[in-house]
1. Relative to the longest principal Cα axis of chain A, at what angle does helix A:12-45 sit, 0 to 90 degrees, rounded to 10?
2. With the Cα gyration tensor of the stretch C:53-370 giving a ≥ b ≥ c as the square roots of its eigenvalues, does the rule (a/c under 1.5 for rounded; else a/b larger than b/c for prolate; else oblate) give rounded, prolate or oblate?
3. Would you work out if the stretch C:242-309 is rounded, prolate or oblate? Take a ≥ b ≥ c from the square roots of the eigenvalues of the alpha-carbon gyration tensor; rounded if a/c is under 1.5, else prolate when a/b is larger than b/c, oblate otherwise.
4. Please report the net charge: other residues with Cβ closer than 12 Å to the Cβ of C:Val354, K and R +1, D and E -1.
5. Residue-wise, which Karplus ³J(HN,Hα) couplings in Hz belong to the stretch B:255-262, taking 6.51 cos²θ - 1.76 cosθ + 1.60, θ = phi - 60°, and x for glycine or proline?
6. Within chain B, what's the longest run with no GluC sites (Glu not before Pro) in a DSSP loop and at most 14 other beta-carbon atoms within 10 Å? Give the range, please.
7. Would you mind calculating the relative contact order of chain B from Cα pairs under 8 angstrom and at least 6 residues apart, reporting the percent as a whole number?
8. Quick one: which residues, 5 or more positions from B:Tyr243 or on another chain, have an amide H under 5 Å from its amide H? H modelled 1.01 Å from N in the peptide plane, none for Pro or chain starts.
Amino acid sequence: MFPFSFEWIWDMDHVVFMGGLWYALTILGIGMTYCIIKAAIDACRGNDEHHH
Amino acid sequence: MKHKKAKKYGMVINLDKCTGCGSCMVACMAENNVPFRKDESDKLLSITWMRVYKLTNGKPFPNTDICYLPRPCMHCEGQHEGHSPCVTVCPAVATDYNIETGIVSQIYTRCFGCRYCMASCPYKARYFNWWDPVWPDGMEKYLSPNVSPRMRGVVEKCSFCFHRYQMAKEKAFMEGRRKLKEDEYQTACTQACPAGAITFGDLNNPNHAVYRMVKPDPKHHGRPTNPNAFRLLERLGTNPKVYYLSSREWVRRVGDNYLKNESIAKKTVHQG
Amino acid sequence: MDSALIPRGVKRCSLWQFLLFISVVGAVLLWGVYAMLLCWIKGLNQTNMNDYYGFAIWIWADLAVIAVGGGAFFTGLLRYIFGKDELKSIINYAVLIGFICYSSALLILAYDIGQPLRGWFIFWHANVHSMLTEVAFCLSCYFGVLTIEFIPLILENRQIDRVPFFHHLSHNMHEIMAVFAATGVFLSFFHQGSLGGVAGVLFGRPFAFREGILIWPWTFFLFTWSAAACGPCFTILITKITETVTRKKLVKDSAIELLAKISGWMILTYIIAKTIDTWYWATVTAPSLGQTLMDFYSNNPLYGIWILFAEIVICGFVPAAILITKKGRKNSVALWIAVILAVVGVCINRWVMVLQVMAVPVMSFDYWAMYFPSWQEIATTILPVAYGIILVGLAHRYLPVFPDESELNPIETLPAEEEETVEPPVDLEQELKPAGA
Ligand code: SF4
Ligand code: SF4
C-alpha cells in the first residue's frame, strides 16, 4: 500500500493501481477539507444568506 | 538467462505401480503436522495435503478396471512462471511462487482466510482450517519441530516438504557445497511409498530421474513428451509440476476433460 | 415526543408505534448479531462451508448487495454529472440505499474471512494483481464516498441544521457534490467490475473463466453494466415498498419513470451482451477446455439449464421489454413486476457466478458439491436486511429523505411549531407496517 512496505515494487502495476487509489483518496480528502474549513469560516462570520 | 540455473522441483507418479495403500497420505500428515479431528467421516472437512483418489473405467465386469491417483498440490507454474491459479488471486500475497525452486508456498501467518485461492484451484488441493488443531493427549511431543502448526481460519496445502529443502541446503552449506544431490531433498510421500510409485526431483536437470521419465518439453511449458505421461487438466494451462505415468489409455484420458469424440492426441494447450 | 426532530410539513406515526416497529426488527437484528458473534468467537466451523465450498452464501450476499446498491452510483452519475434534475426527488433515497448496501457488504466481509483480525492485510500486503484486492480498495473508498454523500442529509435534520457550522458544512458539501459523485463513479466502475473479475479470472474453473481485454475478463464489464442497469431497479423497488408501507406517495412519478426508462435500456443492452458472452463461452471457451455447456448444467439436483433461462430470458429480456415501453413503465403492476424480475435476475447472476462455480466439478473424476447454509449463515445474511430496515426507518422519520414528500402529501392543518405532529390514522390490520413510516 505504501512505497515503504516491503512488498512494494516500482513497476507499472503498482504505480497504476496505487496511483488510482491515492488519486481518489486525495480528491476525497481535499474535498472534505475544503468543505469543513469553509464551513468553519462561514460559521464564524455568521453569514447565513443562503438557504436551500 | 538468469532463470537457467533455477530449479524446478516436480514429481512423477507412476499410476501403474500405485496400489492405493495410502502410505503417502499418512507420511504427509505426520511430516507436516496436519491436524485431524476425532470424527473424520466428513471428507469435505478433512485436511489431506496428499489425497488418493480412486478412478474406475466405468465398465462392467469383466472389463472393469480401477486405478488409484495420489493428488498433492501440483505447484502449478501457470502460463508464465509464477502465474499459478492460486498465487495470482491471493489478495495478501500469502501464497507465493518461489522462482528458485518453482515451489508454491503458503504463508500461514499472512493468510487471512478469504479462501479465494481455494476457489481458484481446480485440483481442490487447498484446505481450510475450520477448527484450531487439537492434538490427542501427549501428541504435541511427537509433532515435527520443523513445520509450524496452523491456526484456525487459514488455508494450507502441500509444500513439497519445503522444510526438507531448507534443511538439505543448510547441510550442504555446512559441508561447503552449493549443489544438492538428487537424493538429498526428497518429499516424505516419495520416501514412504512402498511401491516406489513416486519419484521426486528437479525437472530442469536432465540427470534427474523425473526429467528422464517424462522428458518435459520446455517449448510447451513442460508438457511431457513421453506418450505415457500426462498432467491433470493439461488443457487449462495451469502447467502442473506433478506428472502421472500410465500405460493404460483410459487412465490418461481421465486426467483431463475431452469432448465426446475428441481423441487425446488432439489436445491443445489453452491460452498457449 | 420527538416531534422537534421530525422534518417540517410531513406526518409521522407516533413514537410508540415507531419504537414497536424498531424493536420487532431489532429482535431479528439481535439474532443476526448473535450468529455473527458465534462465527467470530468459534470460527467458520459454524458455517456449512467446506473445502469444496470455500465461497458460499456470504460471498453471494456480498456480490448481490453491491450489485443492487449500484443504484446509488448510477443515479448519482445521472443526477450530478448528466444533470438529470428530475432525479432530485429520489437521489437522497438512492444514496441511503447504497449506503446500507455497502456498509452491509463490508460487514459481511468482516465475518466471512477466517482471521478477521488480519483483515487489514488485504490493504497492507496488497497483491495488486488480485481482483479481490481491487474489490477491497475500491469498495472501502466508495463506501467513504457514500458516507460523504449521506452526511449532508443527516446534517439537514431539523435540530442539527440549527448549528451554523453543520448548516454551512452541508451546504458546502452540496456545492461540490458533483466532484464526490464523479469519484464515486470512477471507484464503482472498478469495484463492480473487479467483482466480476473475481470469477472471470479463474482460469482453473472453466465454468467461471472468460476471455477479455488486457487484464480484465468480460465478466468485469458485464458486472459493472448489470449493476448500473439493475441497481436503479432496486432503488425503485425499495421506494415502491416504502410508499406501500407508509401509504403515501414519496417520489414524483417523473423521477421513477425516468429512472425506469434508463434502467430498461441498460438492462436490454446488458442482457444482449450477456447472451453473446454466454454463447461464446458455451461454443468456444468451454469446448476448448474439453467441456460442453450441458456438462455444467446436468447430473446434479439443482443447477439445471433452467437457471440460465431464468436469468437471461425471464429476468433479463422480460423486464427490459417492460421498462423500455412507455405503457409498461406507466402501468404500476407491470413496473412492479419488471423491477422485481430485474433485481432477481442480477441476484441469480451473482449466485451462479459464486455458488455454481464452486459446485461444478473440474477434474473428470470429481463430483458435484452441494451445499445448504447453516442457520448461523442465514442469520448473518438476514442481519444486514434488518439493519437496513432500521436505518431506513430512522432516516425516513428524522431526515428529509424525500424532498417532494410535503408537496405530494399536503397536510391540511399545519401543526404549530414545536408541537406534537399530527398522528396519522392507524389501520388496525396493518398496525405494524405503517409504523415503519
Ligand atoms: S494445485 Fe492448486 S494449490 Fe497447488 S499450485 Fe496449483 S492451483 Fe495452487
Ligand atoms: S485464503 Fe489466504 S492464501 Fe488463500 S487467497 Fe486468501 S489470504 Fe491468500
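1. 10
2. oblate
3. Oblate, because a/c is 1.5 or more while a/b does not exceed b/c.
4. Once positives and negatives cancel, what remains is +1.
5. So the J values, rounded to whole Hz, are x, 9, 9, 10, 5, 3, 9, 8.
6. Here the longest run is B:176-261.
7. It comes to 25 percent, rounded to a whole number.
8. Placed amide hydrogens put B:Met11, B:Val12, B:Ile13 under 5 Å from B:Tyr243.
Here, each number is a calculation from the coordinates, and none is a lab measurement. Just so it is clear, the structure is predicted and the values come from calculations on it, not from any experiment. Reconstructed Cβ throughout: ideal geometry from the backbone, glycine too, with neighbour counts over all protein chains shown.
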